[in-house]
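The values are calculated or read from the model by the stated rules, or taken from the named source; none is laboratory data. Just so it is clear, the structure is predicted and the values come from calculations on it, not from any experiment. As a convention, Cβ positions derive from the backbone with ideal geometry for all residues, glycine included, and neighbour counts pool all protein chains shown. Just so you know, the surface numbers come from the protein's heavy atoms only, side chains and all, with ligands and any DNA or RNA stripped out. Shrake-Rupley method; radii C 1.70, N 1.55, O 1.52, S 1.80 Å.
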Amino acid sequence: MRIAGAAKLIVVIAIFLLTFYVISQVFEIKMEANLGHIFARSALDAAARSTKPPRYKCGISKACPEKHFAFKMASGAANVVGPKICVEDNVLMSGVKNNVGRGINVALVNGKTGEPLDTKFFDMWGGDVAPFIEFLKSIQDGTIVLMGTYDDGATKLNEEARKLIAELGSTSITNLAFRDNWVFCGGKGIKTKSPFEQHIKNNKDTNKYEGWPEVVEMEGCIPQKQD
């Protein structure tokens, strides 16, 4: 009887040890799988971060060199979506900011510091060109001037206004016509024609929107004014 009891005890101990071994092996496998999943996900996250393209100021396609200001702008879309002007990651004018309007939208920026100075829009369809001319005359030397059309920016423009804008470095202003889309970046006191200008003619055969051409966009790096 004692031998039988001892045998039963040995069997119970053996079953317990076997059960413990199996449980420990299963737990170890699960731990390895979980750790493997964690490490794999961390590696994927790291790879995603390393392949994600960097973001530059105003969302432009590449970084600007030192002593340059990043800018990006777009004209209005028909008479529905207003223009947008961004300089040094600072959105100066947009429909969201509720400071754009029909006609020519203008943002002024300090050419030395990149700080915004003023934003205004002038209705060139139903408004008066005289306030626009006075505004253009008041711009100080060394000021960066950014302009974008919305709806119609040309009907009320006269020769004097066009001449003042041309003196800021524009070459397309003389040809700007009814409902053309146009964006421009120049400066007061500039000695040459600006390389920053885009112009799309209003043409019923090529217009993207009924009665209006497609949006025109532009980005670049404006040289900082040096003393």
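Report every pair of residues separated by at least 6 positions or lying on different chains whose Cβ atoms are under 9 Å apart, first residue within segment 83-97 and under 19 Å from Lys62 (Cβ atoms), second of a type in the set (Phe, Trp, Tyr).
Taking only residues 6 or more apart or on different chains, the pairs are Cys86/Phe71; Val87/Phe69; Val87/Phe71; Glu88/Phe69; Glu88/Phe71; Asp89/Tyr56.
Taking the condition of being open to solvent by less than 60 Å² (accessible area, probe 1.4 Å) and of a type outside the set (A, V, I, L, M), how many residues in segment 161-178 meet it?
4
Please go through (1) in contact (Cβ under 8 Å) with a residue 24 or more places away in the chain; (2) crowded, with 17+ Cβ neighbours inside 10 Å for Lys112 and return the number of the only condition it doesn't satisfy.
Only one criterion is unmet by Lys112, namely (2).
Please specify each residue of segment 115-142 satisfying the condition of being farther than 16 Å from Ala154 by Cβ, hydrophobic (A, V, I, L, M, F, W, C) and open to solvent by 70 Å² or more (accessible area, probe 1.4 Å).
Leu117
In a helix (DSSP H, G or I) and open to solvent by less than 10 Å² (accessible area, probe 1.4 Å) - does that describe any residue in segment 184-202?
So far as segment 184-202 goes, no, none of its residues is in a helix (DSSP H, G or I) and open to solvent by less than 10 Å² (accessible area, probe 1.4 Å).
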